[in-house]
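The values are calculated or read from the model by the stated rules, or taken from the named source; none is laboratory data. Fair warning: this is a prediction, and the values are worked out from it, not measured in the lab. Virtual Cβ from ideal backbone geometry, glycine too; neighbours counted across all protein chains shown.
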Amino acid sequence: MKNFKSIILIILLTIVLSICTTCFATETRSTENTTIEETNTTSIVENDLYLYGNDITMNQNVDGNVYIFGKNVNISGEVYGNLFICAGNVTFEDSAYIDSSTYIVAKNVNFNAYSDSLYVACNELSIPENHGTYKDLYAITTKTTLLGTIGRNANIFTSQLIMSSDSSQGSITGNLNYSSDTQLELPDNAVTGEITYLANNTGKTYNTIWDIIINIVNSIFATSLVYLLYRFFLEKGLEKSSSCLSHKFGKVVLTGIVSLIAIPIISIILIIAKVGLIPGLLLLMLYMFMIGISPYIFASILARRIYNNKKFSKMPLEYLLAILIGVVLSALQMIPFIGIIVTIFISIIGFGIIIYNLFFNGNHKNSNIEENVAK
């Protein structure tokens, strides 16, 4: 469960990083500025510390958690709690120390420090010699250079893993679970425990008949499930959604964009607030689930919209039409570059229709009824 929460947090921070670079204000009990000049390295903060900006230097000793959102981040102080960083480039100096776990989402990370455990999602991760973790490493990267020490287990998902150079060699006391483009010939005695390799399929393209068949079957099954749920349990909701798609398309799109951005921000605020950890995680899981089923929701609603059109009033099989649309959307998502655009558009429509119907459409309908009664 602990590993699951950590992975969820990394995913959540990735979403927030893609939305904005700053979203929190500075808050400490210290009367000094939270970003201290390089000449002052003795500042002590006896509370959680929040920093944001373009260029951030954290050279304080913090008796609490530290949350940093910025572009370029330099860490040279000590943190006697957890460290959370969402940034472009992150550099740890030799003097840096993190007593608990470190969570990072960034473009490049140079980890010249020690931490209890390290959870990181970035493009390039470098852990030099004489640095690393006392316990575990969880890394999702494009390139990982591990020349330091991992005190327990390492779980690395990367395209390129480097564990040795001309002058140094990395070491893992526990087990190594890794995924890369090719299986590595690791240096002798680099890993004390077991080594598990998982082939990296992240660059997989759908270019075989079998892949296409599996994708079509999955689309048919998922669209059928969503459509039948609508048809037998939420028939009124399907009709309202169809009407919204036709008559309130602009409001639906606006609602979808706001929801797609606001939900992850609300989730991270709840998680950071501690008391809202479980609601925040549940909201995030619902968010991911909604993105996954948005194509099939859109297919069902669009099928109803077409079916209600007078030109297609004789079409007897709305269900088959929904499946056809679902398969077409799934095929479009398989196309490089175009697939991303299609996924974003469908997610906006799916979120917009559901949120608009839940919070706005009913009130609007009631107001219209009241107006008609008054007349």
* Asked: Within region 314-321, is even one residue more than 19 Å from the chain's Cα centre (by Cα) and at pLDDT 80 or above?
  -> yes
* In this structure, is residue 120 buried (at least 18 other Cβ atoms within 10 Å of the Cβ) and modelled with pLDDT of 90 or more? -> no
* Structure fact -> When restricted to 21, 28, 14, the only residue within 29 Å of residue 156 (Cα to Cα), part of a loop (DSSP other than H, G, I, E, B) and modelled with pLDDT under 50 is 21
* Structure fact -> Note on residue 134: of the conditions (1) modelled with pLDDT under 90; (2) at negative phi, unmet is (1)
* Among the strands (runs of 3 or more DSSP E) contained in region 75-141, which hold 3 or more residues that are over 25 Å from residue 159 (Cβ atoms)? -> 97-105
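So if I check each of 326, 280, 352, which one is within 23 Å of the chain's Cα centre (by Cα), modelled with pLDDT of 80 or more and assigned to a helix (DSSP H, G or I)?
Details: 326 fails: within 23 Å of the chain's Cα centre (by Cα); 280 fails: modelled with pLDDT of 80 or more.
Just one listed residue meets the conditions, 352.
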* To do: Just name the residue that is modelled with the lowest pLDDT out of those in region 156-182 that are closer than 23 Å to residue 121 by Cβ, part of a loop (DSSP other than H, G, I, E, B) and not small (Gly, Ala, Ser).
  => 181
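Tally time: how many residues in region 34-74 are modelled with pLDDT under 50 and surrounded by fewer than 13 Cβ atoms within 10 Å (Cβ to Cβ)? First the steps, then the outcome.
Applying the first criterion (modelled with pLDDT under 50) to region 34-74 yields 34-41.
Cutting the leftovers down to surrounded by fewer than 13 Cβ atoms within 10 Å (Cβ to Cβ) gives us 37-40.
Residues meeting the conditions: 4.
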* Being surrounded by 15 or more Cβ atoms within 10 Å (Cβ to Cβ) and not small (Gly, Ala, Ser) is the filter here, so list the residues in region 163-178 that pass it. => 163, 169, 172, 173, 175, 176, 177, 178
* Out of (1) surrounded by fewer than 21 Cβ atoms within 10 Å (Cβ to Cβ); (2) among the small types (Gly, Ala, Ser); (3) under 18 Å from residue 49 (Cβ atoms), what's the single condition that is false for residue 113? -> (1)
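Every residue, every condition in (1) at pLDDT 80 or above; (2) crowded, with 16+ Cβ neighbours inside 10 Å; (3) of a type in the set (Gly, Ala, Ser); (4) more than 24 Å from residue 330 (Cβ to Cβ), yes or no:
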| position | (1), (2), (3), (4) |
| --- | --- |
| 234 | no, no, no, no |
| 238 | no, yes, no, no |
| 242 | no, yes, yes, no |
| 254 | yes, no, no, yes |
* Asked: Going by the structure shown, is residue 263 modelled with pLDDT of 80 or more, in a helix (DSSP H, G or I) and over 14 Å from residue 223 (Cα atoms)?
  -> yes
* To do: Report whether or not residue 186 is farther than 30 Å from residue 324 by Cα and either modelled with pLDDT of 80 or more or of a type in the set (A, V, I, L, M) (or both).
  => yes
* **Close pairs (9 angstrom Cβ cut-off, 6 or more residues apart or separate chains): basic (Lys, Arg) in region 104-122, surrounded by 24 or more Cβ atoms within 10 Å (Cβ to Cβ) and part of a strand (DSSP E or B) anywhere** => 107/90
